[in-house]
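Just below is one structure, and these are the notes that go with it.
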């Protein structure tokens, strides 16, 4: 019976099983086969494995010390299928990214500094460099913390994530089609969308154009099978247009993601509202890679996000708006209302290179020894 050491960690609003690459080698089995059996897939409940039966709890993080002198840790993300006998390697999970820095420091791969420790992580799925800042008071990992984020009811250690120059890591271009707005089909009618690749490939849709009056009832969206089926067809069409798949049937489940955006009401603290679909279901909060895409879109002329938050962007550009955005606050900060609450992101220009990110929280949940059956 094979035994595999693993660590169970929460990163942001996801739970992730963390492995070291060398530990996942099982004679006669591929990496996909090992992960699927460990997680108990294919099975909607993943009852005979470590998966949680949802897109945010069927995730693997595979780590190794990097051979690149400019990188501390190589990080590969796997979205393990639940009812499907597949593992999707085509994207990153921004929430799970938050576990990498703390894990590397605790393993001694990166020396803890007195105060804050910087960890340079490379997501190998997207070739994305993520700069992480982890609090290490007195030169040690902080076991507790006060960081609260939407979708997590308890405070824990903050982890700052900065995605360095995130445009085009999957497709080669910020706008894979070359346009900030394209037309796709929803329910037989054309709808305007923004197809963007930053953090992850994302399809951005104005919720009003598909008949949604704001995004105040996420449960209604998640239970509307007709709506979800229509959005899945649109998402697969987008995959072809973005060069992610040759046909709609070949489109991966994990990317592109779908972001439904809407204007916020007067007096709302958010710049716009967003609900994101992941693996065909509504995300309980917001995928951080998706928030990177939305933040980049807000800074690009002609996008759906820019149109919905035009007053905000105009005020930052010195346009003299008298709306909420004209209040004094950091120019690079963006606030999004999600089903779980407010998510803040930042956009900075560092020597001409954009850095986009957010603060997440992370916590080690368990150290485990995972057992594989002798025959499978």
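The values are calculated or read from the model by the stated rules, or taken from the named source; none is laboratory data. Here the structure is a predicted model, which is why all the values come from computation and not from measurement. Because the Cβ atoms are built from the backbone with ideal geometry, glycine has one as well, and the counts that use them run over all protein chains shown.
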Could you list all residues from the range 301-334 that are modelled with pLDDT under 95 and closer than 23 Å to residue 97 by Cβ?
330, 332, 333, 334
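If you scan the range 85-102, which residues turn out to be surrounded by fewer than 24 Cβ atoms within 10 Å (Cβ to Cβ) and either assigned by TED's automatic domain parsing to the domain that holds residue 279 or farther than 27 Å from residue 168 by Cα (or both)? Don't jump to the end; show me each part of the working.
Start the filter on the range 85-102 by keeping residues that are surrounded by fewer than 24 Cβ atoms within 10 Å (Cβ to Cβ), which leaves 85-90.
The one that is surrounded by fewer than 24 Cβ atoms within 10 Å (Cβ to Cβ) and either assigned by TED's automatic domain parsing to the domain that holds residue 279 or farther than 27 Å from residue 168 by Cα (or both): 85.
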Give the number of residues within the range 48-105 that are assigned to a strand (DSSP E or B) and under 23 Å from residue 285 (Cβ atoms).
9
Filter the range 201-247 for residues that are buried (at least 19 other Cβ atoms within 10 Å of the Cβ) and modelled with pLDDT under 95; the one that is nearest to residue 277 (Cα to Cα) is 221
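For every residue, the table says whether it meets (1) touching a residue at least 60 places away in the same chain (Cβ under 8 Å); (2) at positive phi.
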| position | (1), (2) |
| --- | --- |
| 4 | yes, no |
| 8 | yes, no |
| 11 | yes, no |
| 16 | yes, no |
| 28 | no, yes |
| 31 | no, no |
Checking the structure you have, find out if any residue of the range 164-175 is modelled with pLDDT under 95, within 21 Å of residue 303 (Cβ to Cβ) and touching a helix residue (DSSP H, G or I) at 6+ places or on another chain (Cβ under 6 Å).
no
Residue 104 being closer than 25 Å to residue 164 by Cα and out of contact with any helix residue (DSSP H, G or I) (no Cβ under 9 Å at 6 or more places or on another chain)
yes
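Among the strands (runs of 3 or more DSSP E) contained in the range 128-223, which hold 1 or more residues that are free of Cβ contacts under 8 Å to residues at least 12 places away in the same chain and in contact with a strand residue (DSSP E or B) (Cβ under 8 Å, 6 or more places away or on another chain)?
Working: elements: 128-136, 157-164, 182-186, 189-198, 200-206.
Of the strands (runs of 3 or more DSSP E) lying wholly inside the range 128-223, those with at least 1 residues that are free of Cβ contacts under 8 Å to residues at least 12 places away in the same chain and in contact with a strand residue (DSSP E or B) (Cβ under 8 Å, 6 or more places away or on another chain) span 182-186, 189-198.
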The range 335-355: number of residues that are closer than 30 Å to residue 219 by Cβ, assigned to a strand (DSSP E or B) and touching a residue at least 40 places away in the same chain (Cβ under 8 Å):
8
Check on residue 108, in the same structural domain as residue 23 (by TED's automatic domain parsing), part of a loop (DSSP other than H, G, I, E, B) and free of Cβ contacts under 8 Å to residues at least 40 places away in the same chain
yes
